[in-house]
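First up is the structure itself, then whatever we jot down about it.
Any read-out appearing in this document is the output of simple, stated calculations on the displayed coordinates, not a laboratory observation. Just so it is clear, the structure is predicted and the values come from calculations on it, not from any experiment. Here Cβ is always computed from backbone atoms with ideal geometry, including for glycine, and neighbour counts include all displayed protein chains.
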Amino acid sequence: MTREDALSLLKKYNQSESLIHHAYCVEAVMRHIASRRGEDPERWGLVGLLHDLDYGMWPTEHCKKAPELLKEIGADDDFIHAVVCHGWGLCSDVEPILYMEKVLFTIDELTGLVYATALMRPERMEGMSVKSVKKKWSSPSFAAGVDRDIILKGIEMLGDVTKEDVIQDTIDALAPIASQIGL
């Protein structure tokens, strides 16, 4: 599967610019972390890009419709498992097992918090710090739709990173694509 195939499939089922931007965010963080860990950034990135594939048209069937859609571009069972398990405990009973899956589970919500934080700053992503994000994190009314407990659960599952590490990785991954994601 190529990125072009994946992007075409994503856009076929998601017309919302905000969903596309979110997919780009998750893709960028997945690629960044994969590269830093010596893993396959292409595969990790494609999982991130397609993680919400079914959300745009079937929000009530999120993570349930995805396997059928992913087969359109020949996704293998491991790829499908990785996509579906990001909704573990919310809309899926498929648990993240592999490190890549745990990263996706962790950063899906976190990208939303970092993005929302950037929107509040005149300089957007430029010069953003972990401290800026942590300040917004501690305000429950800010980006109220972001489930901070999911992020913390993911960090705990990863076991080898801190909240600050994951926030920094997310900032580092999103800053280079700021113009592509409306920041």
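Numerical summary
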| read-out | value |
| --- | --- |
| Close pairs from region 156-175: first on the phi > 0 side of the Ramachandran plot, partner among the basic types (Lys, Arg), Cβ under 9 Å, at least 6 apart | Gly159/Lys102 |
| Residues satisfying the stated conditions in region 147-179, i.e. farther than 15 Å from Val114 by Cβ, part of a loop (DSSP other than H, G, I, E, B) and not β-branched (Val, Ile, Thr) | Gly159, Asp160, Ser179 |
| Filter result (surrounded by fewer than 17 Cβ atoms within 10 Å (Cβ to Cβ) and over 12 Å from Leu69 (Cα atoms)) within region 40-57 | Asp40, Glu42 |
| First in region 52-74 and farther than 20 Å from Glu95 by Cα and free of Cβ contacts under 8 Å to residues at least 60 places away in the same chain, second anywhere and part of a helix (DSSP H, G or I) and β-branched (Val, Ile, Thr), Cβ under 8 Å, 6 or more apart | Lys71/Ile80 |
| Checklist (1) touching a residue at least 40 places away in the same chain (Cβ under 8 Å); (2) touching a Lys or Arg at 6+ places or on another chain (Cβ under 6 Å) applied to Phe142, failing item | (1) |
| Those residues of region 1-59 which are small (Gly, Ala, Ser), closer than 12 Å to Ile107 by Cα and in contact with an Asp or Glu (Cβ under 7 Å, 6 or more places away or on another chain), in sequence order | Ala23, Gly48 |
| Selection count, region 90-100, where residues are touching a residue at least 12 places away in the same chain (Cβ under 8 Å) and either farther than 17 Å from Arg43 by Cβ or touching a Leu at 6+ places or on another chain (Cβ under 6 Å) (or both) | 4 |
| Whichever residue in region 1-36 is over 17 Å from the mean Cα position of the chain (by Cα) and surrounded by fewer than 19 Cβ atoms within 10 Å (Cβ to Cβ) and, among such residues, is nearest to Leu119 (Cα to Cα) | Gln15 |
